[in-house]
Amino acid sequence: MNGPRTVTLSPGAFEVLSRYATDDQRRTDLVEAALTAFLVRPASSDPAQDRRTIDAHAAELNEEALDVLSYQFVP
C-alpha cells in the first residue's frame, strides 16, 4: 500500500489528538508514532510472565516510589 490512507477518529479522540498536534502533518506523525510504539511492544497474555517481569524490577520500582513520595508536601 503506497501513499496516504485515511483513518476516521471519533470527535473526542480527534479533540485530544489536536491538543498535542495542531496541524495535519503533526497529527499524522503523532498517530504514526503512537501506533508504531503500541504495535512493536510485545503483548503479554501470560499473567505469570507479567508477574515475573514485575518481580524482577520490584526493588528498583519500590525505591523509585519511595523517592517520589519523599517529595510530597503535607501541609
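The values are calculated or read from the model by the stated rules, or taken from the named source; none is laboratory data. Computed from a predicted model, the values in this text were never measured in an experiment. Methodologically, a virtual Cβ is constructed for each residue, glycine included, from the backbone with ideal geometry; neighbour enumeration extends over all protein chains shown. Ligands, DNA and RNA are stripped out before the accessible areas are found, and what is left, the full protein with its side chains, is counted by its heavy atoms. Shrake-Rupley method; radii C 1.70, N 1.55, O 1.52, S 1.80 Å.
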Inset, instruction - Can you run down the residue pairs with Cβ atoms below 8 Å, 6 or more apart or on separate chains, where the first is in region 59-71 and without any contact (Cβ under 8 Å) to a residue 40 or more places away in the chain and the partner is surrounded by 10 or more Cβ atoms within 10 Å (Cβ to Cβ) and in a helix (DSSP H, G or I)? - result: LEU61/ILE54
Inset, instruction - Determine whether VAL31 is among the hydrophobic types (A, V, I, L, M, F, W, C) and in contact (Cβ under 8 Å) with a residue 12 or more places away in the chain. - result: yes
Inset, instruction - Give the residue that is modelled with the lowest pLDDT, with candidates limited to residues of region 42-65 that are surrounded by 10 or more Cβ atoms within 10 Å (Cβ to Cβ) and of a type in the set (Ser, Thr, Tyr). - result: SER44
Legend entry - Which listed residue, of TYR71, TYR20, is open to solvent by 70 Å² or more (accessible area, probe 1.4 Å), under 21 Å from the mean Cα position of the chain (by Cα) and not aliphatic (A, V, I, L, M): TYR20
Inset, instruction - Answer yes or no as to whether THR6 is among the β-branched types (Val, Ile, Thr) and open to solvent by less than 100 Å² (accessible area, probe 1.4 Å). - result: no
Legend entry - Selection within region 23-41 - of a type in the set (D, E, K, R) and open to solvent by 100 Å² or more (accessible area, probe 1.4 Å): ASP24, ARG26, GLU32, ARG41
